[in-house]
Amino acid sequence: MHRARVVALLGLAAGSVTLCWPGVARAQFDDPPAPAAYALSGVTLVRADGSRQANVTLVVRGEFLEGIGTDVVVPADAQILEGDSLEVYPGIVDAQGGAEIEFPELEVDRRELEPWDPPRVAQGFTPHRRAVDYLSATGEGLKSARTSGVVAGAALPDGPVMPGRAAALVYRQAADTPQDLVAHADVGPVFTLRGARGAYPGTLFGVIAFIRQSFENARHDGLVRTAHARDPRGVRAPAWDPDYEVLRAVLAKQVPVFFAADGAEDIRQVLGLADEYEFDPVIVGGDEAWRVADLLQQRDVPVLVSLDFPEPKRWKPEAREKPDSAEAAQEEVPDAAVERERERLENLYANAGRLAAAGVRFALTSGGGEADIREGVQKAIEYGLTENRALAATTTTPSALLDIEYVTQVDVGMPATFVVTNGPLFEEDTDVLYTFVEGALERGKAATAADSSGEEPTIDLSGTWKIDIDAEGDALAGSMTLKQVGAEFSGSLTLDMGVARIRDGLVDGDKVTFELAIDAGGESMTFKVKGTASGDSASGSGRGPMGSFTWKATRTGTPEGVFE
């Protein structure tokens, strides 16, 4: 009878888990399946507008948020993630992200190129090209972005004049192909004021003239097509021109134009073209957008502000404080080059804060995936941007511009997409512990910080262990196979009637914590286990849906050969 009681306590029953050879069991649990649900309790939920709600419980089941609130009950089958003192935010959306696009190399012999009449691909006149058709990124390739809190973004083509059309992506962990990332295949073409190399249009004046002529040609092509559709008699059927079709969609305001422009004069040129041809621009980069903030605000033109700040070469930002003495002041007088660099960089840092003060809509971006968004935001906050505006500029504003608002809505029934931190999102010492994208959990580089005192582990648990379990007076013996990397470990627990998963293991000094996950009859149960370890011995206690137990373990085998 005692064996049946222990088996029931641990949720193991004959046939509920599959018995397998040890090698197979180890392989099975190297990459364990996701639990039926996740739960975080005692967190502070921070909305995109900066409002805060304390002592909240969130339950994630599958792809969606099943429950949010102060009175939500944690389901028995949920894996519990520590939530005390943690904060939950909408995920960051990088509207100029770093998802890789591999456009084919230009197959034109420039020595034979007629510079006044080049093919469109040499001119950079390819608005028909879609980033999604040349996307090479996958879910695995975007892991570093997710661990830093980025859950979605835009893939913007790069190149002269009109390189192609941008796409909106959700950074799904399980995306095996680039197409699995795509939320919207076409959010609008990208225009630049950069000229073609060795061909017309090669100058700023030429590029502006070329854009104007292209719009006129697209209009004319549309008139011809309309006339032929009305009465085809005596009118040659017009050939389909995919580039002009995209430009007509721009003229009809069906899509915006993501227009790369940094300097104030370049931005004025873009606004002039937008006024002339009545299209909707989105300024990309906008280093000097603050200089024309009044024009941007009047026209309600949004800006994707790049946080890819250049590194100071001569100016030393750490020496901004006033020197303590007249002699030091004399020594610290900067030369003209240093002063120019200081002014240029400080204007870049203050750009977002000035746009916010002027009422301009803007999003903060990595500038193409090169910059750490949170680090860049810290600099913008230092130079005048408020935390609330920064939060909106990295979440709801970019998601609205990309028409993927749902990825920043942390509400019941919505896809479970959010980040969990151990402090305010944009503070320097804050770590992203967990990132959820549509229910899939990605652990940050400091995911153990919420559970650890920071002590280095005093033991490596890797190897095989004999374990004895005492469930309120009833006993059961088994074995564990553990693999530890740094302070984290995982593995499996084998009893004579089946195998259970050991996951989320953490060694903190001599303290040991882990979860015992059991799949029984199609249902998943989780037991929280803790204890201490020293040398080849460990002991502790555990608790789960059916009661509590104590355990003792002795190492029986070294790591060598166990995980080959």
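The values are calculated or read from the model by the stated rules, or taken from the named source; none is laboratory data. Owing to the predicted nature of the structure, the values given are computational and were not obtained by experimental measurement. Cβ sites come from the backbone with ideal geometry, for glycine too, and all protein chains shown count toward neighbours. Side chains included, ligands, DNA and RNA excluded: accessible areas come from the protein's heavy atoms. Shrake-Rupley method; radii C 1.70, N 1.55, O 1.52, S 1.80 Å.
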task: Figure the gain on full extension for V485 and T226 (residue separation times 0.36 nm, minus the Cα-Cα span) and round it to one decimal in nm.
output: 86.6 nm
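Given the stretch 174-215, what whole percent of its Cα pairs are spread farther than 13 Å? Kindly include the intermediate steps, with their values, before the conclusion.
Details: 556 of 861 pairs.
So the portion of pairs separated by more than 13 Å is 65 percent.
Averaged per residue, what accessible area in Å² does the stretch 53-196 show with a 1.4 Å probe, protein chains only? Walk me through the numbers on the way to the answer.
Values: 6050 Å² over 144 residues.
Here the per-residue accessible area is 42 Å².
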Partner lysines for K511 [C-alpha distance under 17 Å; skip if fewer than 8 residues away on the same chain]: K483, K528, K530, K552
Hits among lysines - C-alpha to C-alpha of K316 under 18 Å, sequence gap 8 or more where chains match: K379
Qualifying lysines (Cα of each under 21 Å from Cα of K143; at least 8 residues distant if same chain): K445
- request: Can you give me the three principal axis dimensions of the stretch 225-272 from its C-alpha atoms, in Å, biggest first?
  value: 51, 17, 16
query: So for the pair R344, A76, with labels modelled 7 Å out along Cα→Cβ, what separation do we get in nm?
result: 6.6
task: Would you mind putting 262-272, 191-201 in packing order, based on average other-beta-carbon counts within 10 Å, highest first?
output: 191-201, 262-272
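Could you tell me how many cubic angstrom of Cα convex hull volume the stretch 159-284 has per residue?
On the way: hull volume 18.9 nm³, N = 126.
Given the Cα convex hull of the stretch 159-284, per-residue volume reads 150 Å³.
Using a probe of 1.4 angstrom, how much of the accessible area of the stretch 198-294 is carbon and sulfur, in percent?
Values: 2550 of 4890 Å².
Carbon with sulfur: 52 percent of the solvent-accessible area.
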message: Just to confirm, what accessible area per residue do you get for the stretch 247-303 at 1.4 Å probe, in whole Å²?
response: 40
- prompt: Say R0 is 56 Å: what FRET efficiency, to the nearest 0.05, do D468 and R268 get from their beta-carbon distance?
  reply: 0.10
message: For the ranges 359-368, 475-484, what's the packing order if you count other beta-carbon atoms within 10 Å of each residue, average per peptide, and put the highest first?
response: 359-368, 475-484
